[in-house]
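In what follows, a single structure is set out as structure tokens and then discussed.
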Amino acid sequence: MKTIRSKLITYFFVFVFLFNIVSIAIYFSSTQLMKEYHSSFERFLLLNSISQRTVELTDKVTRFVVERDSVYVIDFHKIRRDLESEASSLEKSMPEIDKFQIQKYKNMIETLIEQGELAIGFAIRDDIDQYHFYLEEVKNTASYLKETTLDLIDLELTEYQDFYQQLNKRNQSFQKFILSLFSTSVLLAVFFALWFSKQLNDPIQALTAMAQEVSTGNLEGEPIEIKSNDEMKILADTFHRMRLNIRDLIVEIKKKSEQEKLLKELELKHLQNQINPHFLFNTLNTVSRMAFLENADQTTKLIESVSSLLRYSLGDINQAVTLKKEVQSVKDYFYIQSTRFFDRITFKTDIDEQCLDLPIPRLILQPLVENAFIHGVEGKEEGGEIQLTVTERDGVVAVEVKDNGMGMDEEKIQRYINMDSSRNEKHTGHTTGLGLENVIKRLQLFYNRTDIVDITSKIGQGTTITLSIPKNMNKE
């Protein structure tokens, strides 16, 4: 992963590297120009120095001939050595001039020196004719040498003029290059600044918009797509996961709130049904003992079923029970109603005992049976039937409550399945006071599934309610 810090450092070093390369190139180009200029200037100085040495040498010879002072001889030899040294560096300093011309110029310098020595020598011997002759030769040679020096300087000036024109062209090209470099640098800087700021600004704007949506309560929406592989992508992904977690948490809180609401309703109904249960239990037990003493076995069993059913319905609604206890409460209810209605209504059970250890919320089957009895078969004069079936099918335990009663239309079935809260129907059960909607909702919350209940019914042909209970429950 490339961090924003590493990107900034990379861009910085790229710009530094480019500017250093350009600076080095400019430095070497300037150095080369300075070398050429310095070399040309040194040649001017060398020729000018030779011209001055020639004049000085001629002056020393003339002064010695006139004044006969040995100091001028010493000065002459000093100037001669300097002149010879400068003459020897001519060929190296001026490689572009013809070597023959340079050699001719050097020979003239040697001739001047030789004539000066002869003039001094003949002056020492007081040979007037000879030193006058050589003195004139020195002057003539010096004059000619001076003219030749001027010619060389003219040649050098011509070369220098070409060099100056080239230098001027280079300077103009260099100015254009500097201007182009400046413009390119500014454009590149602006481009990279805009590009990099866009890479930062777009995700920040998207995150800001998402944060504003979350602040208004909107937790839906697609995740932000960040193409860069840096902290902004991590931040966007983390923010999206946080939004999903908040949404799931709110859904879970709503579910728990609904479950708590249902439990409160159940507790309220239990409180309404709890008319001094200890007194009622004791009374039922007393009646059961009296019936037993009077050898009324059926009455005794009936009272025991009522007592057991009442005790079970008043248990802790917050605790899950086994399917076996739910089935037993239904059997007690069946016995009570069969005692009441005799052969008018038939109650049947088909129970697979191996499926009864599964956990299930308390008071689920009894309200379903009550609903089938009250709204299904209670109004039938004869032939009413309610059947409870518990079997295993495809890895789930299927619990069916089936009746052949009045049935219901498809609209009513869909209202139950879709949990339409717009209905305001009151259920009046015999013991629980719990309606079908309450049972369905509690089952969905308990198993954290929406496909737990299925209802099939036709008008006049009865109703079948099927509960699909997972054997391996992974309840959150």
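The values are calculated or read from the model by the stated rules, or taken from the named source; none is laboratory data. From a predicted model like this one, the values you see are computed outputs, not experimental measurements. FYI the Cβ positions are ideal-geometry reconstructions off the backbone, even for glycines, and counts take in every protein chain you see. Surface accessibility is based on the protein's heavy atoms, side chains included, excluding ligands, DNA and RNA. Shrake-Rupley method; radii C 1.70, N 1.55, O 1.52, S 1.80 Å.
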Given (1) among the acidic types (Asp, Glu); (2) open to solvent by less than 40 Å² (accessible area, probe 1.4 Å); (3) at pLDDT below 80, number of the condition GLU86 does not satisfy: (3)
Yes/no for LEU33 being open to solvent by less than 40 Å² (accessible area, probe 1.4 Å), part of a helix (DSSP H, G or I), at pLDDT 85 or above and touching a Lys or Arg at 6+ places or on another chain (Cβ under 8 Å): no
Hits in the stretch 350-367 (condition: assigned to a strand (DSSP E or B) and either among the basic types (Lys, Arg) or open to solvent by less than 70 Å² (accessible area, probe 1.4 Å) (or both)): ILE351, PRO359, ILE360
Qualifying residue in the stretch 234-246 (condition: among the β-branched types (Val, Ile, Thr), surrounded by fewer than 13 Cβ atoms within 10 Å (Cβ to Cβ), at pLDDT 75 or above and assigned to a helix (DSSP H, G or I)): yes
Within the stretch 117-157, work out how many residues are surrounded by 16 or more Cβ atoms within 10 Å (Cβ to Cβ), at pLDDT 85 or above and within 30 Å of PHE41 (Cα to Cα). 4
Residues of the stretch 366-389 that turn out to be aliphatic (A, V, I, L, M) and either touching a residue at least 60 places away in the same chain (Cβ under 8 Å) or on the phi > 0 side of the Ramachandran plot (or both), as a count: 3
Look through GLY376, GLY405 and report the one residue that is buried (at least 22 other Cβ atoms within 10 Å of the Cβ) and touching a His at 6+ places or on another chain (Cβ under 8 Å). GLY405
What do you reckon, is TYR160 at pLDDT below 80, within 29 Å of SER39 (Cβ to Cβ) and open to solvent by less than 70 Å² (accessible area, probe 1.4 Å)? yes
For ARG344, state whether it is farther than 19 Å from LEU467 by Cβ, of a type in the set (Lys, Arg), open to solvent by 50 Å² or more (accessible area, probe 1.4 Å) and in contact with a strand residue (DSSP E or B) (Cβ under 8 Å, 6 or more places away or on another chain). yes
Can you say whether LYS169 is charged (D, E, K, R) and farther than 30 Å from GLN52 by Cβ, as far as the supplied structure shows? yes
Could you grab the pairs with beta carbons closer than 9 Å, sequence gap of 6+ or different chains, first residue in the stretch 396-411 and over 18 Å from VAL439 (Cβ atoms) and among the polar types (S, T, N, Q), second one in a strand (DSSP E or B) and open to solvent by less than 20 Å² (accessible area, probe 1.4 Å)? ASN404/GLY384; ASN404/ILE386; ASN404/GLY462; ASN404/THR463
Out of the residues in the stretch 390-402 meeting the condition of being open to solvent by 10 Å² or more (accessible area, probe 1.4 Å) and touching a Lys or Arg at 6+ places or on another chain (Cβ under 7 Å), tell me which one is nearest to GLN319 (Cα to Cα). VAL396
Pairs with Cβ under 8 Å, 6+ apart, first in the stretch 343-356 and free of Cβ contacts under 8 Å to residues at least 40 places away in the same chain, second of a type in the set (Lys, Arg): LEU356/LYS324
